[in-house]
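Some notes on the structure that comes next.
The values are calculated or read from the model by the stated rules, or taken from the named source; none is laboratory data. Predicted, not measured: the structure shown is a model, and the values here were computed from it. Positions of Cβ are backbone-derived with ideal geometry, glycine not excepted, and every protein chain shown enters the neighbour counts.
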Amino acid sequence: MELPFLLKKFDADYKAELIGERLLSTPQHYAYLKISEGCNRTCAFCAIPLMRGQHTSKPIESIVWEAENLVRMGVKEIMLIAQELTYYGLDIYRKRALPDLLNRLADINGLEWIRLHSAYPSKFPLEVIDVIRERSNICKYLDMPLQHASDDMLRCMRRQITRAEMNDLIHAIRDKIPEICLRTTLIAGFPGEKQKDVEELKEFLQEHRFDRVGIFTYSHEEGTGAFDLEDDVLPKEKEKRAQEIMEVQQEISYEKNQKKIGRIFKTIVDKKEAGRYIGRTEFDSAEVDNEVIIRSAEPLTVGEFVQVKITQAYDFDLEAELVQEGIMETEQKKQFAVR
Ligand code: SF4
């Protein structure tokens, strides 16, 4: 569900450009790598299974080959994408093979960051989190669209998971990697949604304090399971609910960002814009997450990794200054000492 949004950001056409091997419209230092196509789930709001058909995984060898080529071309960060990432391998290997794939990719020399986009929460294989924890070049980041938190809505959306099960999953993931950045995506205004469902969703956000949240308003698509339901939430009301939910997240995001002031992060320089360098930490994906505005007296190279110290924090973005090697060691010792 996140995928069309990401593609829109890059002015890419879903049907034409995802059929090929990869998107080529990204800067040279990062790339999206599709590991499977299609989806076997039946989420009531989603047209992807109709458009893309059943889940088809690419073999591990072919993905590794593609990743090695990307690294040879200068790519340092790969975002793995799929309609349902965690189903990977069940069709061709008869087992969930994402952990195996991740280990193979993490072995590639020169591949500094591997990032996971679009994990389905039901039957989530926790071994994936073990691999993320163990391999230093896999970002401590997980994009897991949950869509809603009210059991009534989850059932109507045919998400095959309950709020209690989502609670357990989030706790289990954070028990394994407390610092992991959890991104989720939600839908406001699904047919039949009441204000009590919205309140439940807001309460869920307060409870779990996700690091990143994206929200869509429900769109009534012909051919989907939900098309037979009455699209009974007015567009204005959908927008209002989406905004209400985002306001909750905005506060959470601000508080989380404030805690980063003074800390040092490895950051990739994505671009130079209006005389400023814009980068990202491992806890942020390109285009959809926080940016770090880097102040540097010396010129930086787009695509290089630098160490920065956070100096200012806003609702969704950060400001930072470049850290010199010697200072970095001392600061890191200090950070270690206060943990
Ligand atoms: S998991 Fe659900 S939302 Fe995601 S692509 Fe499959 S059917 Fe669509």
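Could you tell me which of the residues Y141, Y120 is assigned by TED's automatic domain parsing to the domain that holds D232 and touching a Cys at 6+ places or on another chain (Cβ under 7 Å)?
Y141
Of the residues D175, D151, D168, the single one that is among the acidic types (D, E), assigned by TED's automatic domain parsing to the domain that holds L111, under 24 Å from E237 (Cα atoms) and more than 16 Å from the ligand (Cβ to nearest atom) is D151.
Scanning segment 155-201 for residues that are of a type in the set (A, V, I, L, M, F, W, C) and under 21 Å from I132 (Cβ atoms) returns I161, M166, L169, I170, A172, I173, I177, I180, C181, L182. Among residues of segment 52-70 that are closer than 12 Å to L105 by Cα, those with a Cβ under 6 angstrom from a residue that is in a helix (DSSP H, G or I) and at pLDDT 95 or above, sequence gap 6+ or separate chain, pair up as I60/L101; I60/R104; V64/R104; A67/L105. Looking only at segment 49-72, decide whether some residue is within 16 Å of the ligand (Cβ to nearest atom), under 19 Å from E221 (Cα atoms) and in contact with a helix residue (DSSP H, G or I) (Cβ under 8 Å, 6 or more places away or on another chain). Scanning segment 49-72, I find at least one residue that is within 16 Å of the ligand (Cβ to nearest atom), under 19 Å from E221 (Cα atoms) and in contact with a helix residue (DSSP H, G or I) (Cβ under 8 Å, 6 or more places away or on another chain), so the answer is yes. Can L146 be described as closer than 29 Å to H29 by Cα and hydrophobic (A, V, I, L, M, F, W, C)? When the stated conditions are applied, L146 does not pass them. Selection within segment 280-301: residues that are within 12 Å of W113 (Cβ to Cβ) and among the small types (G, A, S). The member of this set that is surrounded by the most Cβ atoms within 10 Å (Cβ to Cβ) is S285.
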